[in-house]
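The numbers here are math on the coordinates, done by the rules we state, and not lab data. Note that the coordinates shown come from a computational prediction; the quantities given were computed from them, not determined experimentally. Note that each Cβ is placed from the backbone with ideal geometry, even for glycine, and that neighbours are counted across all protein chains shown.
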Amino acid sequence: MVVATDIRNLADEEVMQLVGEGDPRAFELLYDRHGGAAFSLAYRMVGNRVTAEDITQEGFLSIWRSRLRYDASRGSVRTWVLGIVHNRAVDTLRRGAVHERRRETMEGVEESHEAPERTDVEAIRREEARSVRSALDALPDDQRRTIELAYFGGFSHSQIAELLDEPIGTVKGRMRLGLDKLRRQLSEGFAAGGFA
Amino acid sequence: MSSRDHTSHRDDVGAYLLGALTDLERQAFERHLAGCPECRDEVERLRPAAAALPRSVEQVKPPPGLKASLMEVVEREARERSGTPAPRRWRRSLPRLAFPRPLLVGVALALGLLVGIVVADEDPRTEVASVDERRVPGASARLQIEDDGENGAILRLQGMRQLELGRVYQAWVERDGEIVPAPTFEVGRDGRGAVAIPDDLSDADAVMVTRERRGGARAPSERPLLVVRL
């Protein structure tokens, strides 16, 4: 059991333990720390705020309701939360629900605005984002495009092969090679494990 | 594991980490991973690169209503698990919105057609809502008012329909011809729900409920489904 006078001083891993015990305040803290990044990822993937809200809400409620177990061996709590939201967004994209929503509402891009840099943590994350984007931009175009179609577009390898008119083996190879190059680029710029 | 099996799965590592395998392919790959240390090592070696991808995203601010609606669900479910009643919520400042007079007249006229009764109890006072029975047949609601309304109230509803994904109920407070937004809420599968109204209701004229987009609205988008006159 986690005992603390101020829950806000707890590390993410300890917060997750309290969430697992059904503590709403711990859950609120989890959202405060990672809800913005989760919403931003969903918004980047689906392109409208309404669907991004739904995905973020469903992702966080699934953590709350099923007491999903955080596995520290798979990386940080942030990576884990973003993984859950990513999976939800991929499901949504593959169901085609987003296209339906886009017909219903054209809002989204015009409403988008960057969150203000309020804290040092946010400033560091913004810098981190710039660095990862630079590393992605440095990949050969075919590898970067394949990775972006898969991760942000929610396309399967066979769909990408069809879109690009390339053999499936080529697409899979680009994914692996692209990730390998990205890993090397990032390890040159950041301490090992900085993204885990 | 055969070397042929390994060869056929080796190139799946990238697609696996990017979520680009189908469910069946992913399950097959995970079965392969369980018996293939080489592929496991490769997955772990490349995992940080895949984990960095969401961090490349431009940060956008989530709507404040997202957290509010999420926490309403979480707090309600936590109370249901523990069997404790809803706590009194802190009063919060809400933007006061001008509400068009003609629309108010329309709302008042529409409410004249509603079926409803009002009863009063001693401390805490309870008011029964007038319900638009055409739009929410079988629904009922009671507003439990604390301390003459200075510390807000709790609206309890039953017989309500669960709304589709992305839609929520929203409470409103009417005062001197203005309608200000109050919290959004959802109802359970049994049609029951509750929402704490944190406003000072001592000089309020009515509490209403409409259906809105998740996250809430700044002005009602439809005629009220139910109204509690104060």
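List of remarks:
- DSSP-loop GluC sites (Glu not before Pro) across segment B:151-181, with at most 13 other Cβ within 10 angstrom: B:164
- Under the convention that each Lys and Arg Cβ holds +1 and each Asp and Glu Cβ holds -1, the size of the dipole of segment B:128-195 around its Cα centre is about 520 debye.
- Ordering B:129-138, A:82-91 by mean Cβ neighbour count within 10 Å, with the highest value first, yields A:82-91, B:129-138.
- The alpha carbon centroids of segment B:170-194 and segment A:1-60 are separated by 25 Å.
- Inter-label distance for residue B:31 and residue A:32, nm, one decimal - labels placed 7 Å from Cα along Cα-to-Cβ: 4.6 nm
- For A:132-140, mean number of other protein chain Cβ atoms within 10 Å: 2
- Charged-residue dipole, Cβ positions (Lys, Arg, Asp, Glu), segment B:3-56 about Cα centre, Debye nearest 20: 160 debye
- Inter-chain shielding of A:51-58 (mean C-beta neighbours from other protein chains, 10 Å cut-off): 5
- Only the Cβ atoms of Lys and Arg (+1) and of Asp and Glu (-1) were treated as charged; on that basis the dipole of segment A:119-196 about its Cα centre amounts to roughly 180 debye.
- For residue A:168, net neighbour charge (Lys/Arg +1, Asp/Glu -1) across residues whose Cβ lies under 12 Å away: -4
- Partner shielding of A:21-28 amounts to 4, given as the average count of beta-carbon atoms from other chains within 10 Å of each residue beta-carbon.
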